[in-house]
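In what follows, a single structure is set out as structure tokens and then discussed.
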Amino acid sequence: MNYADTGFLCSLYTPDAHSAKAAAVMKRQTEPLAFVWLHQLEFRNALRLRVFRKEITAKQRDASLNLLLADLAGEWFEHASPLLAEVMVEAERLSTAYSEKIGTRSLDILHVAAALVLGAPVFLTFDKRQSVLAKAAGLKVPLL
């Protein structure tokens with residue numbers, strides 16, 4: 001399975017500057033995307049923040065969440081449960097090796113660490129720093 005950060009998922013389920021690209025990538029996907037505990041929290045919170053910023057309405061938030069929930073029952077996603085202890089060890093390793101060089105944020109590091117622990121070969125993101133981190137960690141990051 002491949003791995004997408006939450007920003008990619010938000011672009012897929014709520015309208016933004018990257019939505020068309022996210023949809024096009026998903027049309028080409030042959031492997032499911034991992035869906036982990038971090039996605040669950042961060043996706044819901046990102047939708048709430050978009051309501052707060054008046055980027056979407058509460059009705060759009062609910063519709064986006066319902067679309068994701070429907071897709072979670074399908075073939076686009078695979079529920080995955082990387083062990084938190086393993087993710088944290090990998091995250092600390094990534095932070096030590098790269099944060100001072102490329103300025104990565106904690107949530108970015110956690111996503112890349114989860115992808116590595118799961119053995120995901122491909123990492124989907126629109127975030128430039130996270131892309132640099134994922135590549136440095138040995139993941140394939142398609143140009144989006």
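The values are calculated or read from the model by the stated rules, or taken from the named source; none is laboratory data. Only a predicted model underlies this, so the values are computations on that prediction, with no experimental measurement involved. For neighbour counting, all protein chains shown are included, and Cβ atoms are generated from backbone atoms with ideal geometry for every residue, glycine included.
Residue-wise test of (1) over 15 Å from the mean Cα position of the chain (by Cα); (2) of a type in the set (Phe, Trp, Tyr); (3) surrounded by 13 or more Cβ atoms within 10 Å (Cβ to Cβ).
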residue: 9; (1), (2), (3): no, no, yes
residue: 16; (1), (2), (3): yes, no, yes
residue: 32; (1), (2), (3): no, no, yes
residue: 41; (1), (2), (3): no, no, no
residue: 72; (1), (2), (3): no, no, yes
residue: 95; (1), (2), (3): yes, no, yes
residue: 100; (1), (2), (3): yes, no, no
residue: 109; (1), (2), (3): no, no, yes
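Within segment 22-46, being in a helix (DSSP H, G or I), of a type outside the set (Gly, Ala, Ser), closer than 23 Å to residue 87 by Cβ and touching a residue at least 12 places away in the same chain (Cβ under 8 Å) holds for 37, 38, 39, 42, 43, 44. Look at residue 63 and say whether it is more than 17 Å from the chain's Cα centre (by Cα), within 17 Å of residue 11 (Cβ to Cβ) and part of a helix (DSSP H, G or I). Here the answer is yes, as residue 63 does meet what is asked. Note on segment 107-129: among residues that are touching a Gly at 6+ places or on another chain (Cβ under 8 Å) and assigned to a helix (DSSP H, G or I), the one that is modelled with the highest pLDDT is 116.
Flag: residue 104 does not match the condition of being in a helix (DSSP H, G or I), β-branched (Val, Ile, Thr) and farther than 21 Å from residue 23 by Cβ.
Only one of 92, 78 is among the acidic types (Asp, Glu) and part of a helix (DSSP H, G or I); which?
It is 92.
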